[in-house]
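As structure tokens, the structure follows; a few thoughts come after it.
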Amino acid sequence: MLGFKKRPSFLLVLLLVIASYSQYSFAKATLVTVDDDLQNVLDASQNGDVITLSAGKYLGNFIIAKQITLRGENGTVIDAQGHGHGLVLKNSYITIDSLNIINWGADLDKENSGIYVNNQRINERAVGLVIKNNSLSGDGFGIWLNHATKATIVNNKVNGNLSLPSAKRGNGIQATNITHSHIVNNDVSEVRDGIYVIASQHNLIEKNTVHNLRYGIHYMNSNDNVVKDNTAYNTRAGYALMSSSRLTVTGNKVTSSEDYGFLLNFLDESILSDNYIKNVWTKPENVMAGRAGKGFFVYNSSANVLENNTVDTTEIGIHLTAGSENMQVYGNNFINNPTPVKYVSNTEQEWSKDGRGNYWSSYLGWDIDKDGIGDTIFEPNDGIDQLVWQYPEMKMIMDSPAIVILRWVQKQFPVLKSPGVTDSYPLMKPYFYQEKPSDNSLSVNQLTPKTVQ
């Protein structure tokens, strides 16, 4: 009896194996030339096929509906002729490898893209897509990925069109409603936002380079993601992290940004550690009242940790406003920032943890016991600073005897001191972390960002 019960189960497994094998048993390799009808070849393909495009220019907008690999030889170009998408992927387990895709459409309302994936209408996710080693150059979106899981976007170069206004350019890599995916080692430039992530969870974005654009990496309404070891330069904001929770943002760099190194807007319960910010400064031609380059701009964000970051040569090191409280800020380096902190709030904040504060290059205290901690507390702002923020015209009298007396009165009578930031354990030397060897063992299926304690 027991043997009889097991046999159907064994037969079922055997049938499934045979069916799976038969699905790919007729898979083949096909070499296509520009004289062939590429769309007919794609339509006639079977799951598992490998289609190689020989060098040359393939004109048109192509649809891939089978689980195949499409790859190009050196010199292969897909030219969308100025409209629509270059490639549309309408299945799972498709690999796009080593293609040069150019000249797709510029209609952002129609989501014109070099490579386009959108499974929203069929209410299921594309699984296991691989987009690698491609070069994409066009006006609209580079790679549009919607409703996908376990996708890998690696070693692609996406280039936009700087002659278009920023608002009329597409994003380099648009990732909407994706999960457990890996975006790594891509170079994105001259688009609107380099990598734009919305409504997506449990993804890893690492080792990408984004430059000459608006926002390098832009998050919206996305939780439980990891952003690590990316590089941004020549941006308005290196990293814009908005309306999201539980992000782990570590080891990233941003240089030569105009407005923000990191923009935190409605970001909660996230950890930003070991990031490097250098030279965030408003260009002379864009100087206006109220505009200044900020290393960190924190707006209406709470329960976040800023640890071991370096903010070097920015107009304002860190600006907190609109209820940005309950933060842990320690172990950071604030170097050569004319205004280290701009803090507009009615709640006092202590920026140290377990006897370890931050390094401030403007700190003038001493360390008699040589324990590496300043013997006097550091308060980067006072009531006069807050008055200047509210009434910028006061800058004209900052060196007047009246202001000097007001500052002296504040120090002598602490009861008159307005709420602000205090670092009770300022570091005497900057903390510079040593870059760790890369660990390629991390799986996107195992991503679990740290929880803020």
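The values are calculated or read from the model by the stated rules, or taken from the named source; none is laboratory data. No experiment lies behind these values; they were computed from the predicted model shown. Virtual Cβ from ideal backbone geometry, glycine too; neighbours counted across all protein chains shown. These area figures cover heavy atoms from the full protein model, side chains too; ligands, DNA and RNA do not enter into them. Shrake-Rupley method; radii C 1.70, N 1.55, O 1.52, S 1.80 Å.
Please list, ordered by first then second residue, the pairs with beta carbon atoms under 6 Å, 6 or more apart or interchain, first in segment 147-167 and closer than 13 Å to Ser135 by Cβ, second hydroxyl-bearing (Ser, Thr, Tyr).
Sorted first by the residue in segment 147-167, then by its partner, the pairs are Lys157/Ser135; Asn159/Ser137; Asn159/Ser189.
For segment 214-225, check the following and say yes or no: at least one residue is touching a Lys or Arg at 6+ places or on another chain (Cβ under 6 Å), closer than 23 Å to Leu99 by Cβ and not hydrophobic (A, V, I, L, M, F, W, C). So that I can check it myself, show each step before the final result.
Filtering segment 214-225 for residues touching a Lys or Arg at 6+ places or on another chain (Cβ under 6 Å) gives 214, 223-224.
Of the ones still in play, those that are also closer than 23 Å to Leu99 by Cβ are none.
No; the residues of segment 214-225 include none that is touching a Lys or Arg at 6+ places or on another chain (Cβ under 6 Å), closer than 23 Å to Leu99 by Cβ and not hydrophobic (A, V, I, L, M, F, W, C).
Of the residues Asn275, Asn223, only one is closer than 23 Å to Val184 by Cβ and surrounded by 19 or more Cβ atoms within 10 Å (Cβ to Cβ); which? Before the answer, list the steps.
On the way: Asn223 fails: surrounded by 19 or more Cβ atoms within 10 Å (Cβ to Cβ).
Being closer than 23 Å to Val184 by Cβ and surrounded by 19 or more Cβ atoms within 10 Å (Cβ to Cβ) holds for just one of Asn275, Asn223, which is Asn275.
Does Trp389 fit the bill of being modelled with pLDDT of 95 or more and out of contact with any Ser or Thr (no Cβ under 8 Å at 6 or more places or on another chain)? Spell out the reasoning first.
Numbers: modelled with pLDDT of 95 or more: no; out of contact with any Ser or Thr (no Cβ under 8 Å at 6 or more places or on another chain): yes.
No, not satisfied.
Quickly run through segment 338-357 and pick out the residues that are open to solvent by 70 Å² or more (accessible area, probe 1.4 Å) and within 26 Å of the chain's Cα centre (by Cα).
none
Between Thr255, Thr231, which is open to solvent by 40 Å² or more (accessible area, probe 1.4 Å) and under 10 Å from the mean Cα position of the chain (by Cα)?
On the way: Thr255 fails: under 10 Å from the mean Cα position of the chain (by Cα).
Answer to the check: Thr231.
Pull up segment 34-60, narrow it to residues that are polar (S, T, N, Q) and over 16 Å from Asn134 (Cβ atoms), then point me to the one that is surrounded by the fewest Cβ atoms within 10 Å (Cβ to Cβ). First the steps, then the outcome.
The first filter runs over segment 34-60 and keeps only residues polar (S, T, N, Q), leaving 39-40, 45-47, 52, 54.
The next check asks that each one be over 16 Å from Asn134 (Cβ atoms); those that pass are 39-40, 45-47, 54.
Numbers: Gln39: 14, Asn40: 10, Ser45: 21, Gln46: 14, Asn47: 15, Ser54: 16.
Once the filter is applied, the top-ranked residue is Asn40.
Looking at Leu204, Leu129, Leu108, can you tell me which residue is open to solvent by less than 50 Å² (accessible area, probe 1.4 Å), at pLDDT 95 or above and in contact with a helix residue (DSSP H, G or I) (Cβ under 6 Å, 6 or more places away or on another chain)? Let's see the steps before the verdict.
On the way: Leu129 fails: in contact with a helix residue (DSSP H, G or I) (Cβ under 6 Å, 6 or more places away or on another chain); Leu108 fails: in contact with a helix residue (DSSP H, G or I) (Cβ under 6 Å, 6 or more places away or on another chain).
The unique qualifying residue is Leu204.
Within segment 91-103, identify whether any single residue is under 20 Å from Thr176 (Cα atoms), of a type in the set (Asp, Glu) and either modelled with pLDDT under 95 or open to solvent by 10 Å² or more (accessible area, probe 1.4 Å) (or both), and answer yes or no. Full working, then the answer.
Applying the first criterion (under 20 Å from Thr176 (Cα atoms)) to segment 91-103 yields 91-96.
So of that shortlist, the ones also of a type in the set (Asp, Glu) come out as none.
No.
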